[in-house]
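Inspection log for the structure reproduced underneath, given as structure tokens.
The values are calculated or read from the model by the stated rules, or taken from the named source; none is laboratory data. Small disclaimer: the values here were computed from a predicted structure and weren't measured. Ideal geometry is used to build each Cβ from the backbone, glycine not excepted, and the neighbour counts take in all protein chains shown.
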Amino acid sequence: MIDIAGFQVEEKIYESVRSVVYRAKQIEGDRPVILKTLKDEYPDPQEILRYRREYETTRHLNVAGIPQPIGLQRVSNRLVLITEDIGGQDLKKLLKTHTFTLRQLLKMAVDTVRILGEIHAANLIHGDIKPSNIVFNSQTNHLQIIDFGSSRTLSGAVPVGETQMLAGTLSYMSPEQTGRMNRPVDWRTDLYSLGAALYELFTGNLPFETTDALELVHAHIARLPMMPSELDAEVPVGLSDIIMKLLSKNPEDRYQSTRGIEADLSECLERLKTTGRINPFPSGPAGRIRQISGIPQTGWPAKRTRYPGGSLRPCQPGWERNDVRCRSDRDRKNRSRSRSR
Ligand SMILES: Nc1ncnc2c1ncn2[C@@H]1O[C@H](COP(=O)(O)OP(=O)(O)O)[C@@H](O)[C@H]1O
Ligand SMILES: [Mg+2]
């Protein structure tokens, strides 16, 4: 555990090769806080830069849906980033242990998009949107986007050749952000990553499940992911279309701002509340794709429960949370197909 004056450290909530995150109390004011620190006593200057960037960026960002920064302190040789704590857990972890209804997941998606819109309106690209960078308190329903270590200001596009500046995470990375497209990177890179994050939220799978870096880059650039509604028949087609539109290879084919996504996802939520179903949109952007591609438009029953690991089947006692037996048949088929590739 870390020893930092003025704070009482309570528990370690995350550890990776490079950082450790603790939950703590600021003694003055008895305020719950998050302490994020680099593990290495002599860290890479790039890592120090990430911490400074995160602190400086969030300090000047007037957005309610992000953790308010409290300070950046040097403790021995280490930098500690101190932020407010809403008592949440990141969505990657939460999905493995909690069951959410489609309506709850949609509400989370709408909140995430709204906050991302505020980040973009503040002239910033987040650069690393993914479920482990979204925290949610299931008691208060409070949601925040965290981790601004890969963020960049949105003063025009990032020029071609500087695309690698946006680090991000490969499984959620837009084709242009991989640096292999010879295209500038702008705010629409976050919309692709959002699509990958929503894909995982609603199906329990990544758009491309491989962990091989080269294969992932190739997949983001050239392969079409299976439609969420094909992978999991209980994902409504209207919602599946929205996710696929976000995952378009060309930024021009995605939604052009968070406003359109928020409107379509809110419409899904509204239809679910009032009719219990989400029929595909006949005239909205997502619906147009279906009409053009000639895919039949059907409605789906709305009431269903998602089990830990994103599965639609309950896990039996003794089965592991991500046990393949907890997943749908189609899901299993898909996984074994990608394994055999
Ligand atoms: N405010 C927070 N609330 C809950 N968990 C958090 C919070 N901040 C960080 N974490 C946990 O720590 C992990 C790493 O923090 P993050 O800021 O994303 O750092 P990194 O740059 O190492 O990814 C998150 O994925 C999450 O599990
Ligand atoms: Mg992170």
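Looking only at residues in segment 191-209 that are of a type in the set (Phe, Trp, Tyr) and assigned to a helix (DSSP H, G or I), which one is farthest from SER257 (Cα to Cα)?
Applying the first criterion (of a type in the set (Phe, Trp, Tyr)) to segment 191-209 yields 192, 199, 202, 208.
Among the residues that remain, those that are also assigned to a helix (DSSP H, G or I) are: 192, 199, 202.
On the way: TYR192: 11, TYR199: 18, PHE202: 21 Å.
Looking at residues that are of a type in the set (Phe, Trp, Tyr) and assigned to a helix (DSSP H, G or I), I get PHE202.
Conditions (1) small (Gly, Ala, Ser); (2) crowded, with 24+ Cβ neighbours inside 10 Å, marked per residue:
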residue: PRO184; (1), (2): no, no
residue: SER193; (1), (2): yes, yes
residue: THR203; (1), (2): no, yes
residue: HIS220; (1), (2): no, yes
residue: PRO225; (1), (2): no, no
residue: SER229; (1), (2): yes, no
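Tally time: how many residues in segment 82-124 are within 14 Å of ligand 1 (Cβ to nearest atom), at pLDDT 95 or above and among the hydroxyl-bearing types (Ser, Thr, Tyr)?
So the count comes out to 1.
Which ones in segment 72-86 are surrounded by 14 or more Cβ atoms within 10 Å (Cβ to Cβ) and of a type outside the set (Val, Ile, Thr)? Step through it out loud before you land on a result.
As a first pass, look at segment 72-86 and keep what is surrounded by 14 or more Cβ atoms within 10 Å (Cβ to Cβ): 72-73, 75, 78-86.
Scanning segment 72-86 gives LEU72, GLN73, ARG78, LEU79, LEU81, GLU84, ASP85.
Could you tell me which residue of segment 119-143 is farthest from ligand 2 (Cβ to nearest atom), considering only residues that are in a helix (DSSP H, G or I) and out of contact with any strand residue (DSSP E or B) (no Cβ under 9 Å at 6 or more places or on another chain)?
Restricting to residues being in a helix (DSSP H, G or I) and out of contact with any strand residue (DSSP E or B) (no Cβ under 9 Å at 6 or more places or on another chain), the top hit is ALA121.
Yes/no matrix, rows are residues, columns are (1) within 16 Å of ligand 2 (Cβ to nearest atom); (2) surrounded by 16 or more Cβ atoms within 10 Å (Cβ to Cβ); (3) free of Cβ contacts under 8 Å to residues at least 60 places away in the same chain; (4) in a strand (DSSP E or B):
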| position | (1), (2), (3), (4) |
| --- | --- |
| ILE4 | no, yes, no, no |
| VAL9 | no, no, yes, yes |
| LYS12 | yes, no, yes, yes |
| VAL17 | yes, no, yes, no |
| GLY29 | no, no, yes, no |
| ILE34 | yes, yes, yes, yes |
| LEU49 | yes, no, yes, no |
| ALA64 | no, no, yes, no |
